[in-house]
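Peer 1: Have a look at the structure that comes next, please.
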Ligand SMILES: [Zn+2]
């Protein structure tokens, strides 16, 4: 099947042609593990997962690398400002190494909870320091670097004629923009640190020896060094959130192409922001920290958040509101209810392979066409409404839909049926379902609270292997 994607580099939708037929090498910029993941960042990982599932469903063997940034990079793009990791460590009163471990684990819990397929490799920046030093040495030999005394080794963007080509003219903002302060010692305002020296007379929690002195790598270096090591000098797709394209990815290209030749990467894909109702990027807005816990604590299934994300296109900003999530949650639950009915139907019929193929190809074609997930979900609704297709065929299609979109419709439908079997009143079943969701999300406090409520209403919840059962108290 033809696969098309919008390529940030060409600013066009292009047909994807892999470097090696049948294989797909893809690199996604991963989390900086100094805090819980924000739901806006999780949107990017959800879209990456759909990309991967789409290639797999098209028969590709996918090698996916996602880095874990566990070395402190600085909070501003100007290589000044505070170190995010050290700041996080001070806030939590832990060492930098401890918070890196803790938030990596928390990130992976969210990752699994959202039913995202784990990457083939998850390299940590701190485990690839030698590779980063090698990369800087190569650039030094080619004449792309210079030293600012007492500060670090910098990349001279004036030496790379294609600098900024990923995002075209928008780099002018780098010069005049208030967000980036100008470091007077740099040769060009867009130059960036490859290696930062540790401050004199001060020991940083994370620092390494290097040919230039003790310090730590600049944050644009790790993705180049790790992707080259794990995917080779050239690979198919590089992804990231839209905030990474202008500086981080232009800088990655400037480091890689002098060494491996152009083009380094065939396709660049960027996920747009999740914004609040005023249109501001959500992770920047004030108020409640919006991790996946905020969604769970309000009693929502995390699949409802994923469903909300997939109702919008990855290139469009998605305005988040609780009302929007509520409506997505209802839409999701309605599909689960229909699947549950099909599962308990005693006269499902036989799978009609021809109909299966027609709908399979129709839905896969939508996602393969620049990831039209919203249109694919419209097709799912049409499938449910079609009264001519029997339940056996529809259920086989839902197995495929779950593989492609990872929305766990069949899993949730089975849980719903298990709860129904005891014929508890609807309101008790609703509490039990909410408790099952809370348990699945390891929200033990909420699960206990719900158990107390169920027991107060005269029912017991019995946790069995096949799911929870409701039993009327004697
Ligand atoms: Zn990166």
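Peer 1: For the stretch 9-22, state whether one or more residues are touching a helix residue (DSSP H, G or I) at 6+ places or on another chain (Cβ under 7 Å), in contact (Cβ under 8 Å) with a residue 60 or more places away in the chain and within 16 Å of the ligand (Cβ to nearest atom).
Peer 2: no
Peer 1: Among the residues of the stretch 379-407, which ones are more than 14 Å from residue 339 (Cα to Cα) and surrounded by 14 or more Cβ atoms within 10 Å (Cβ to Cβ)?
Peer 2: Hits for the stretch 379-407 are 379, 404, 405, 406.
Peer 1: Same structure, new question: Sort out for me the helices (runs of 4 or more DSSP H) sitting completely within the stretch 1-118 that have 1 or more residues that are in the same structural domain as residue 215 (by TED's automatic domain parsing) and modelled with pLDDT of 95 or more.
Peer 2: Helices (runs of 4 or more DSSP H) meeting the threshold: 39-57, 96-113.
Peer 1: Which numbered condition in (1) more than 16 Å from the chain's Cα centre (by Cα); (2) at pLDDT 95 or above; (3) within 22 Å of residue 28 (Cα to Cα) is the only one that residue 314 fails?
Peer 2: The single condition residue 314 does not satisfy is (1).
The rows are residues; the columns are (1) modelled with pLDDT under 90; (2) under 23 Å from residue 346 (Cα atoms); (3) crowded, with 17+ Cβ neighbours inside 10 Å.
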site	(1), (2), (3)
419	yes, yes, yes
425	yes, no, no
445	no, no, no
452	no, no, no
474	yes, no, no
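Here is a yes/no grid of residues against (1) surrounded by 21 or more Cβ atoms within 10 Å (Cβ to Cβ); (2) modelled with pLDDT under 95; (3) away from the ligand (no atom under 11 Å from the Cβ); (4) not assigned by TED's automatic domain parsing to the domain that holds residue 119:
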position: 211; (1), (2), (3), (4): no, no, yes, no
position: 220; (1), (2), (3), (4): yes, yes, no, no
position: 226; (1), (2), (3), (4): yes, no, no, no
position: 234; (1), (2), (3), (4): no, no, yes, no
position: 238; (1), (2), (3), (4): yes, no, no, no
position: 259; (1), (2), (3), (4): no, no, yes, no
position: 266; (1), (2), (3), (4): no, no, yes, no
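Peer 1: Would it be correct to say that residue 94 is without any contact (Cβ under 8 Å) to a residue 12 or more places away in the chain and over 16 Å from residue 33 (Cβ atoms)?
Peer 2: no
Peer 1: Turning to a different aspect of this structure: Taking residue 280, is it within 30 Å of residue 47 (Cβ to Cβ), within 16 Å of the ligand (Cβ to nearest atom) and surrounded by fewer than 18 Cβ atoms within 10 Å (Cβ to Cβ)?
Peer 2: no
Peer 1: Just a yes or no: is a residue in the stretch 284-293 assigned to a helix (DSSP H, G or I), in the same structural domain as residue 372 (by TED's automatic domain parsing) and buried (at least 20 other Cβ atoms within 10 Å of the Cβ)?
Peer 2: Yes - at least one qualifying residue is present in the stretch 284-293.
Peer 1: Which of (1) modelled with pLDDT of 95 or more; (2) closer than 23 Å to residue 83 by Cα; (3) away from the ligand (no atom under 16 Å from the Cβ) is the odd one out, the single condition residue 185 does not satisfy?
Peer 2: (1)
Peer 1: Now for a separate question. So residue 248 clears everything in (1) surrounded by fewer than 21 Cβ atoms within 10 Å (Cβ to Cβ); (2) more than 9 Å from the ligand (Cβ to nearest atom) except one condition, right? Which one?
Peer 2: (2)
Peer 1: Restricting to the stretch 232-282, count the residues that are assigned to a helix (DSSP H, G or I) and within 20 Å of the chain's Cα centre (by Cα).
Peer 2: The qualifying residues number 10.
The values are calculated or read from the model by the stated rules, or taken from the named source; none is laboratory data. Please read all numbers here as calculations on a predicted model, not as lab measurements. Using ideal geometry, Cβ is built from the backbone for each residue, glycine included, and neighbour counts are taken over all protein chains shown.
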